[in-house]
Amino acid sequence: MTLSIGILVVSDRAAAGEYTDRGGPAVHAWLDRRLTVSFDEVLTIVPDEADAIEASLRTMCDTLKCALVLTTGGTGPAARDITPDVTERVCDRMLPGFGEAMRLASLKVVPTAILSRQEAGHRGSTLIINLPGHPAAVADCLDAVFDAVPWCLELLGGPRLETDPPAWRPKHAPRE
Amino acid sequence: MTLSIGILVVSDRAAAGEYTDRGGPAVHAWLDRRLTVSFDEVLTIVPDEADAIEASLRTMCDTLKCALVLTTGGTGPAARDITPDVTERVCDRMLPGFGEAMRLASLKVVPTAILSRQEAGHRGSTLIINLPGHPAAVADCLDAVFDAVPWCLELLGGPRLETDPPAWRPKHAPRE
Amino acid sequence: MTLSIGILVVSDRAAAGEYTDRGGPAVHAWLDRRLTVSFDEVLTIVPDEADAIEASLRTMCDTLKCALVLTTGGTGPAARDITPDVTERVCDRMLPGFGEAMRLASLKVVPTAILSRQEAGHRGSTLIINLPGHPAAVADCLDAVFDAVPWCLELLGGPRLETDPPAWRPKHAPRE
């Protein structure tokens, strides 16, 4: 199974070319450092518009069959921050532990971490995780949750994802 | 008031007899160790099917008048893991602090703890708590939240539950 | 921009005059200690009734244009504890990190902290935060989250709120 990973940068300014996005490259660099398997990467930059975000998430999940989609940006409380809302709309089910763990990790760095509404969920066999837009926060959040991602993808029926150091997997097949 | 506690084991393999369930006995052993009052225990094993889970939860709450229902299994992200979804459907209101505290406690043991969607909520005066299926994780989760259970049951209008060591209770009647 | 802060005390007994509320004064004292700007304070006491709570929240947000509304009481699992439910109904969007952080902070003090269903969210540019009714718990919760409040109000388009010590703000304008 080919491993495809989508990176969806959600930013009005980056989409308008007024700003060179740094969140997407931070996600790429983190994956490049950690994954030991080759993977196809799909990078899309959209403004903070519900239709554009939703269409990109659907394409990455349904057409491009990404095993994992990582969004950056649009997770705060401001009016145009809608990435988690759209994520929730396209997901079959949410995985609240991701948001909790990412906020907790970010809270050790900055007290405003609790303002993030970032979430994770799955659409079919694709895991979607919202990351903040700030490059340093991207790494903090991936550090906090990525050890659970390879096993999650397998539970969702996705491909095997090898990392260095190896991620946690149960010693035996899951019991239920 | 007689104290009845329901243990609902949700597992395709245990329900089919392909596997000897260990989650249910782990719950029983934990309660037996901790509770100092006698109680009626109702143990039911069902497959990971929404109708079966829902019917059992309704019977335990509405017919058998269990003060507490503990489910084990079916809390992950896999397609057949639906225990939290059905729990949410039968509950009047959710108590998000339980899931947060159980995931946090489990996260100290295994990074995939964030994959658990386990929740708690109440249906009328019955408190329902989702536990994982793995016996060791059952104990970790009960250790993390049970100190709040006796007082919760009283707030819900249920029976008094005595434990050793004694659980927390306010020194005076609640003020509101 | 004039800064208005609403304090909504939700308590049957306080509303009936059977009890001298201590939650509201605890909120006032905390704000008085921490804020270095002058502000208009609106204090309302209502019983644990959905209509009364909802009407007060709407008035504080829409008519009185409060930048911040702090509720106390009614956050538990008991039948008449409905403050978070009504808060969710009037809010445009929830900010789950507040509830998580407040429960986590309270959990260091008392194991029953997980019973609190307290939440935060925004209605237009007003931030609403549920606090418990117990005066000591009010301070624990405000200590846990207030460092994120001034920046949150600015993201919501509200007034600047000065505190001592100063709350966190980004060094530069937000990047997206």
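Quick one: in the stretch A:1-41, which of the residues that are small (G, A, S) and not in a loop (DSSP other than H, G, I, E, B) is nearest to the chain's Cα centre (by Cα)?
The selected residue is A:G6.
Which of (1) surrounded by fewer than 16 Cβ atoms within 10 Å (Cβ to Cβ); (2) modelled with pLDDT under 95 is the odd one out, the single condition A:R175 does not satisfy?
Failed condition: (1).
Failed condition for A:A67, given (1) in contact with a Pro (Cβ under 9 Å, 6 or more places away or on another chain); (2) hydrophobic (A, V, I, L, M, F, W, C); (3) closer than 19 Å to A:A16 by Cβ, with all others met?
(3)
Just give me the residues in the stretch A:16-30 being surrounded by 19 or more Cβ atoms within 10 Å (Cβ to Cβ) and either of a type in the set (G, A, S) or within 16 Å of A:I129 (Cα to Cα) (or both), in sequence order.
Residues satisfying the conditions are A:G23, A:G24, A:A26, A:V27, A:W30.
Within the stretch A:72-80, identify whether any single residue is outside any loop (DSSP other than H, G, I, E, B), at pLDDT 95 or above and charged (D, E, K, R), and answer yes or no.
Among the residues of the stretch A:72-80, not one is outside any loop (DSSP other than H, G, I, E, B), at pLDDT 95 or above and charged (D, E, K, R), which makes the answer no.
Yes or no: the stretch C:19-30 includes at least one residue that is among the small types (G, A, S) and more than 17 Å from C:C141 (Cα to Cα).
no
Taking into account only those residues within the stretch A:123-138 that are within 9 Å of another protein chain (Cβ to nearest Cβ) and surrounded by 24 or more Cβ atoms within 10 Å (Cβ to Cβ), which is nearest to the chain's Cα centre (by Cα)?
Among them, the one singled out is A:L127.
Looking at A:C152, A:C141, which is the one that is within 21 Å of B:P132 (Cβ to Cβ) and either modelled with pLDDT under 95 or surrounded by 16 or more Cβ atoms within 10 Å (Cβ to Cβ) (or both)?
The match here is A:C152.
With respect to the numbered conditions (1) facing another protein chain (nearest Cβ under 7 Å); (2) under 14 Å from the mean Cα position of the chain (by Cα); (3) surrounded by 24 or more Cβ atoms within 10 Å (Cβ to Cβ), which one is the sole condition not fulfilled by C:Q118?
Only one criterion in (1) facing another protein chain (nearest Cβ under 7 Å); (2) under 14 Å from the mean Cα position of the chain (by Cα); (3) surrounded by 24 or more Cβ atoms within 10 Å (Cβ to Cβ) is unmet by C:Q118, namely (1).
Counting only residues that are over 25 Å from B:A79 (Cβ atoms) and of a type in the set (A, V, I, L, M), which one in the stretch B:31-59 is surrounded by the most Cβ atoms within 10 Å (Cβ to Cβ)?
The residue in question is B:L31.
Can you tell me which residues in the stretch B:102-115 are within 15 Å of B:A148 (Cβ to Cβ) and either at the interface with chain A (Cβ under 8 Å from one of its Cβ atoms) or surrounded by fewer than 21 Cβ atoms within 10 Å (Cβ to Cβ) (or both)?
Passing the criteria: B:L104, B:A105.
With the checklist (1) in contact with a Pro (Cβ under 8 Å, 6 or more places away or on another chain); (2) without any contact (Cβ under 8 Å) to a residue 40 or more places away in the chain in hand, flag the one item A:P135 doesn't pass.
A:P135 satisfies every listed condition except (2).
In this structure, does A:T71 turn out to be in contact with a helix residue (DSSP H, G or I) (Cβ under 9 Å, 6 or more places away or on another chain) and of a type in the set (S, T, Y)?
The answer is yes for A:T71.
What is the residue count in the stretch A:53-87 for residues that are within 11 Å of another protein chain (Cβ to nearest Cβ) and touching a residue at least 12 places away in the same chain (Cβ under 8 Å)?
Total meeting the criteria: 12.
Return the residues of the stretch C:10-44 that are within 14 Å of another protein chain (Cβ to nearest Cβ) and within 23 Å of C:L156 (Cα to Cα); say none if nothing qualifies.
Within the stretch C:10-44, C:R34 is the sole residue that qualifies.
Is the stretch A:67-82 home to any residue that is surrounded by fewer than 19 Cβ atoms within 10 Å (Cβ to Cβ), over 25 Å from B:A137 (Cβ atoms) and aliphatic (A, V, I, L, M)?
yes
I'd like the full set of residues that are in contact with a helix residue (DSSP H, G or I) (Cβ under 7 Å, 6 or more places away or on another chain), under 28 Å from B:C152 (Cα atoms) and either part of a strand (DSSP E or B) or among the charged types (D, E, K, R) (or both), limited to the stretch C:45-68.
C:I45, C:V46, C:D48, C:E54
Checking B:A67 against (1) under 26 Å from A:A148 (Cα atoms); (2) within 13 Å of the chain's Cα centre (by Cα): exactly one of these is not met. Which one?
With respect to (1) under 26 Å from A:A148 (Cα atoms); (2) within 13 Å of the chain's Cα centre (by Cα), B:A67 is out only on (1).
For the stretch B:58-89, how many residues meet the condition of being within 21 Å of A:L95 (Cβ to Cβ) and among the hydrophobic types (A, V, I, L, M, F, W, C)?
4
Take the conditions buried (at least 20 other Cβ atoms within 10 Å of the Cβ), in contact (Cβ under 8 Å) with a residue 24 or more places away in the chain and either within 13 Å of chain A (Cβ to nearest Cβ) or aromatic (F, W, Y) (or both) and apply them to B:G99. Does it pass?
Yes.
The values are calculated or read from the model by the stated rules, or taken from the named source; none is laboratory data. Everything numeric here is computed off the predicted structure, so don't read it as measured data. Cβ coordinates were reconstructed from backbone atoms using ideal geometry, including for glycine residues, and neighbour counts include every protein chain displayed.
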